[in-house]
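Okay, structure first, notes after.
The values are calculated or read from the model by the stated rules, or taken from the named source; none is laboratory data. The model shown is predicted, which means the values in this text are computed figures rather than measured ones. Virtual Cβ from ideal backbone geometry, glycine too; neighbours counted across all protein chains shown.
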Amino acid sequence: MKKSVLSVLSFITLMFATSVQAQEKNIVELAVGTESLSTLVTAVKAAGLVETLSSEGPFTVFAPTNEAFEALPAGVLEELLKPENKDKLVSVLTYHVVGGSVMSGDLKDGMTAATVQGEEVTVDLTDGVKISGSEVISADIKASNGVVHVINQVILPPSMQSTN
């Protein structure tokens, strides 16, 4: 019995320590330390957004996984990462960012939120949590300058959807 109580206490201590460590890191540092977000990190660097997303914020970032980027139509990511397409890349990435810290408990079905890019994302709570059609697969990851919600697909601003 004592051993299982100690195991539970050790687990709780580890989870608390991990949570505290995450809160001490900014959004970019969290992403850099998360292997499944390495493509996002590459894109943020190519767009020149590291300094912005490392600043005080607060920001809410809907962070697409590597698999989300891989699911884009063939050639789209490669095109966005070209230096001559930096403005388009910035537009796509800032469409994944909302000013302020928005936790999952703050969401209401059908609500919209203005992104840093300027267009709005829409919240759908009818079957899990979706942001403009992308499912939130890990929510409320706190950072020193905001919060990250990991999503399963890249969301494109409405102004770009007809061009891709």
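Which of the residues that make up the stretch 77-87 are within 19 Å of Ser134 (Cβ to Cβ) and surrounded by fewer than 20 Cβ atoms within 10 Å (Cβ to Cβ)?
Leu77 - this is the single residue of the stretch 77-87 that is within 19 Å of Ser134 (Cβ to Cβ) and surrounded by fewer than 20 Cβ atoms within 10 Å (Cβ to Cβ).
What tally of residues in the stretch 116-158 results from selecting those that are touching a residue at least 60 places away in the same chain (Cβ under 8 Å) and not hydrophobic (A, V, I, L, M, F, W, C)?
9
Sort through Thr126, Thr52, Thr122 and tell me the only one that's part of a loop (DSSP other than H, G, I, E, B), more than 14 Å from the chain's Cα centre (by Cα), β-branched (Val, Ile, Thr) and on the phi < 0 side of the Ramachandran plot.
Thr126
Restricting attention to the stretch 90-111, and to residues there that are loosely packed, with under 14 Cβ neighbours inside 10 Å and among the small types (Gly, Ala, Ser), which single residue is farthest from the chain's Cα centre (by Cα)?
By that ranking, first place goes to Gly110.
Read through the list (1) touching a helix residue (DSSP H, G or I) at 6+ places or on another chain (Cβ under 9 Å); (2) modelled with pLDDT under 95; (3) small (Gly, Ala, Ser), then give the number of the only condition that Ala68 fails.
(2)
Residue by residue, here is whether (1) over 22 Å from Gln161 (Cβ atoms); (2) crowded, with 19+ Cβ neighbours inside 10 Å holds:
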{"position": "Lys45", "(1), (2)": "yes, no"}
{"position": "Gly57", "(1), (2)": "yes, yes"}
{"position": "Gly75", "(1), (2)": "no, no"}
{"position": "Thr115", "(1), (2)": "no, yes"}
{"position": "Ser144", "(1), (2)": "yes, no"}
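Please go through (1) touching a Phe, Trp or Tyr at 6+ places or on another chain (Cβ under 7 Å); (2) farther than 14 Å from Thr42 by Cα for Gly105 and return the number of the only condition it doesn't satisfy.
Every listed condition holds for Gly105 apart from (1).
If a residue has to be under 25 Å from Val148 (Cα atoms) and touching a helix residue (DSSP H, G or I) at 6+ places or on another chain (Cβ under 8 Å) to count, how many in the stretch 74-94 make the cut? Outline the logic, then answer.
Our first condition is that a residue be under 25 Å from Val148 (Cα atoms); within the stretch 74-94, this holds for 76-78, 80-81, 86-94.
Okay, now just the ones that are also touching a helix residue (DSSP H, G or I) at 6+ places or on another chain (Cβ under 8 Å), so 77, 80-81, 86, 88-93.
Counting residues in the stretch 74-94 that are under 25 Å from Val148 (Cα atoms) and touching a helix residue (DSSP H, G or I) at 6+ places or on another chain (Cβ under 8 Å) gives 10.
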